[in-house]
Amino acid sequence: MALAVLSAVGGGILIGSAAVFLKATTGHILGVSGILGNAFSRPVAGWRWAFLAGVIGAAVIVHAMGAPVPESFRHLAWQRLLVAGLLIGAGTRLANGCTSGHGVCGLGNLSGRSLIAVLVFMVTAGLMVFLQHIGGWFL
């Protein structure tokens, strides 16, 4: 349990530090969906591609070091993960940003729009957990 708490705290510190560093050095907000979308549409997107490579590379390195794949992902077919990814992409378009953009950076900038988006994210997540708990939905 203590390791899980330390892992969460460490991850939060890293994400917060990365958000502050990106804003201070480039003036851009650390929203992963915006970085990904703009990597394809902006002519000079070198830092965006470096960021995305780091996100993927870190996951590959941690997995290679022996970190287990969460049990909930082991039994899912790639088709379900693809559909989930597309739905998340559609949701980030509708919300004009993702959880990292709204939750970490938007709330840090005292954005009212981000507060509403985060409340919708949290209520929806809570509802999905409740439905999973009572009826085994979605898995």
* Tell me, yes or no, whether segment 79-86 has at least one residue that is assigned to a helix (DSSP H, G or I) and in contact (Cβ under 8 Å) with a residue 40 or more places away in the chain. => no
* To do: Could you please let me know if GLY101 is modelled with pLDDT under 85, under 16 Å from the mean Cα position of the chain (by Cα), under 18 Å from LEU22 (Cβ atoms) and open to solvent by less than 50 Å² (accessible area, probe 1.4 Å)?
  => yes
* Asked: Does GLY89 meet the test of being within 12 Å of the chain's Cα centre (by Cα) and open to solvent by less than 90 Å² (accessible area, probe 1.4 Å)?
  -> yes
* Asked: Do you know which of the residues in segment 107-118 that are in a helix (DSSP H, G or I) and open to solvent by 100 Å² or more (accessible area, probe 1.4 Å) is nearest to ALA19 (Cα to Cα)?
  -> ARG113
* Asked: If you take just the helices (runs of 4 or more DSSP H) that sit entirely in segment 1-71, which of them hold at least 3 residues that are at pLDDT 85 or above, farther than 23 Å from GLY108 by Cβ and open to solvent by 80 Å² or more (accessible area, probe 1.4 Å)?
  -> 46-64
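The values are calculated or read from the model by the stated rules, or taken from the named source; none is laboratory data. Note that the structure is predicted; figures quoted are calculated from it, not measured. Every residue, glycine among them, receives a Cβ derived from its backbone with ideal geometry; neighbour counts consider all protein chains shown. Just so you know, the surface numbers come from the protein's heavy atoms only, side chains and all, with ligands and any DNA or RNA stripped out. Shrake-Rupley method; radii C 1.70, N 1.55, O 1.52, S 1.80 Å.
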